[in-house]
1. Using a Gaussian network model of chain B whose springs link C-alpha atoms within less than 10 Å, name the residue from B:T225, B:T40, B:T195 with the highest mean-square fluctuation.
2. Given the options B:L156, B:I121, B:V31, identify the residue whose Cα lies farthest towards the positive end of the charge dipole of the range B:10-165 (+1 on Cβ of Lys, Arg; -1 on Cβ of Asp, Glu).
3. Label-point separation (nm) for A:R35 and B:A140, each offset 7 Å from Cα along Cα-to-Cβ?
4. Quick check for the protein assembly as shown: number of Lys pairs with alpha-carbon distance under 28 Å, counting only pairs 8 or more apart or on different chains?
5. Arrange B:W124, B:W117 by Cβ neighbour counts within 10 Å, fewest through most, would you?
6. Per DSSP H run of at least 4 residues, take -39500 (n - 2.57); add these up for the protein assembly as shown, divide by its residues and hand me the 222 nm value, nearest 500 deg cm²/dmol.
7. So for the protein assembly as shown, taking the charge dipole from beta-carbon charges (+1 Lys/Arg, -1 Asp/Glu), which of B:L84, A:S185, B:A45 sits furthest toward the positive end?
8. Using only the Cα atoms of the range B:321-366, build the gyration tensor, take square roots of its eigenvalues as a ≥ b ≥ c, and label the shape rounded, prolate or oblate: rounded if a/c is under 1.5, else prolate if a/b is larger than b/c, else oblate.
Amino acid sequence: MIIFEHVGKAFADVVAIDDLSLTIAEGEFVVVIGRSGSGKSTTLKLLNRLVEHDSGRIVFAGDEIRRFKPEELRRRMGYAIQSIGLFPHWTVEQNIGTVPELLGWPRARIRDRVTELMELLDLAPETYRGRYPHQLSGGQQQRVGVARALAGDPAVLLMDEPFGSLDPVTRETLQQEIVRIHKASGKTILFVTHDIDEALRLATRIVLLDRGRVVQVGTAREILEQPATDFVSDFVGRGDIGIKLLGLDTVAAFVRRGESAAGDPIAISASLREALSMLVARRVDRLPVADDDGRLVGVIALADLAKPRP
Amino acid sequence: MFRTSAVKNRVLLVLVIVGAVAAWCLAFLTVAPNRLVSGTAIPLAQISDPLRDVLLLPAAILVLGVFLPQRGRTHVAVAIAATLLLFGLAWLAGAHAARLAETAVATSRTALGGGFWLLAIVAWLAAIDAIERLRRGPVAAILAQLSVLLPVIALLFAGELGQLSLLREYATRKDVFYVALARHVEIVVAALLPTLLVGIPLGIALFRRAKPKVPVFAVLNVIQTVPSIALFGLLMVPLALLAGALPGLRSLGISGIGMAPAVIALMLYSLLPVVRSTVAGLDQVPRPVVEAATGMGLTRAQVFRKVELPIALPVFLSGVRIAAVQAVGLAVVAALIGAGGMGALVFQGLASGALDLVLLGVIPVVALAVVVDAAFRLLSSYRGTPAG
């Protein structure tokens, strides 16, 4: 559990974080979002003491973080930033093995851990183990960055716009993978981004910051359906709120079982947003729905999309 | 617009033209009745030796290399032809000098002429250029460029060049030569080691604290602009006074002339490249890399040792390389204040008008500079995998 209690931080005379209070339970995927200069990166750095807080308390694992040695605290929290943070003079294997090495793991265990993580992040170990960061694509570099953050098996993962420099397709693949890793490992993740779609896709809870203050904390649905202020509505994109809400649900919620329709089916795991897009593109009001094995199970109807969730 | 031209390699074209002019218009060798008067020219055309005509073959390959498509095979052929040409030129000069020595009086000297030197440089540059064009990485290129000189060095050791005036000068001054060479290396090493010991910590300190950076670099820059002779002279006075005031210093060998002012002056000159490259090397370590390292739990010392230092190393080494090559050259001037070294031969030769003696002093300095340069380039191109 991580607790921020009335935390404040100022750089010179500029207030970066103003009275921040937030409790993060174990296993949450919290996305901190805001415009540049809103204090979102600072929030992350306060936690691993790259930036020291001026006032208030920050508690990690039952203790105020100042009671830890900074290095020990940091080794218990994975830290991933944009790909430029990889060590250019070390191989992929050395990069991923950084924290286990610091923790003094035996060589064989480090090697096994690196192999395991490379497989987890879809990097063929024998091909990429000995490569240097500059020999990898942007997406591969970022995979190494995530693997490196996970290597010491930390209780908490801190990620500062880790996918910021990637193209949309690669970014989406990595977003799916981090969700998968979160579900499989149950790790607490604190993730910073300025991209609202990324936040909606990843977060179990979103923290929206503006000029160092928390504007709203809630699930994606709460943020979209009950924006606390005009600022929130503007930030999530007033005109797109309906579309974004559709993105939170899957076809499964509205499928009319037993009915049938013509044309290629849509997967039951697809989002309602994709269903709407397909309905509009084909100029139809009903689509057949197939389950994960490809069997037709029913239809999704245009008229149902505007209804409240069953 | 892209234009296909018959000339495929312009660098080689220029070299071939310069080489042709040198071969036709300049003296290949000069012959003088003794070592002090200037001799009469012997152009290449007057040397009737079958070897001379054999050399037309590698020369022809160089000419062809200008027009052939620039493939790997062409570059290899040009590099080999240029190496053979260099070797052949030296052999031809040595053989002709030996032939002349059989009939001439003992004091007569056969010296290498401007034509030889120019042709030799052309051949060496052609080889270096061809090796660069092969793009085989820095290590292979440096080793290949040095090995171009190996056949000539072999000739030298085989005694084939013994009758050339340069080597006769060497033969009569063997003892002085090696003492001077050892002293030269001694001056350079004695200046560079303390420079590194002072310069690296100074560079690191300036990198950590930006404020004193500007004044310190201003001072180092000013030192760099003082002409070397003036700096040697400037140091003589205070050192002489110091040695006079503190007899203990004099017993350590420190005085107004000799090694002490020379070493101190070279240190002052070397400090700027060493400090600047230390700061520049550390400055170009990307901030996010340092932040990531800190964020993952490396201590301040570990960040420095495992991340900043290795990333800064290539830039740092290039600065030390510049300092070392510069010191090898500047140490020649140190002879003026009685420090000895190869400069002693150079200035003695200049004073007595013996060009061969000047060359005997200069050529080893150039060779030393080339070797030091190559050694540092090899060192900085080596990308070791640091122990994790």
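We did not get these values from a lab; they are worked out from the coordinates using the rules stated. Keep in mind it's a predicted model, so treat the numbers as computed, not measured. Glycine also receives a Cβ, built like all others from the backbone with ideal geometry; neighbour counts cover every protein chain displayed.
1. For chain B, modelled as a Gaussian network with Cα springs under 10 Å, the answer is B:T225.
2. B:I121
3. Computed distance between label sites A:R35 and B:A140 equals 5.5 nm.
4. Lysine pairs satisfying the spacing and distance rule in the protein assembly as shown number 21.
5. Ascending Cβ contact count within 10 Å gives the list B:W117, B:W124.
6. Using -39500 (n - 2.57) per qualifying helix, the result is -17500 deg cm²/dmol.
7. Among B:L84, A:S185, B:A45, the one farthest towards the positive end of the dipole of the protein assembly as shown is B:A45.
8. Taking the square roots of the gyration eigenvalues as a ≥ b ≥ c, the range B:321-366 is oblate.
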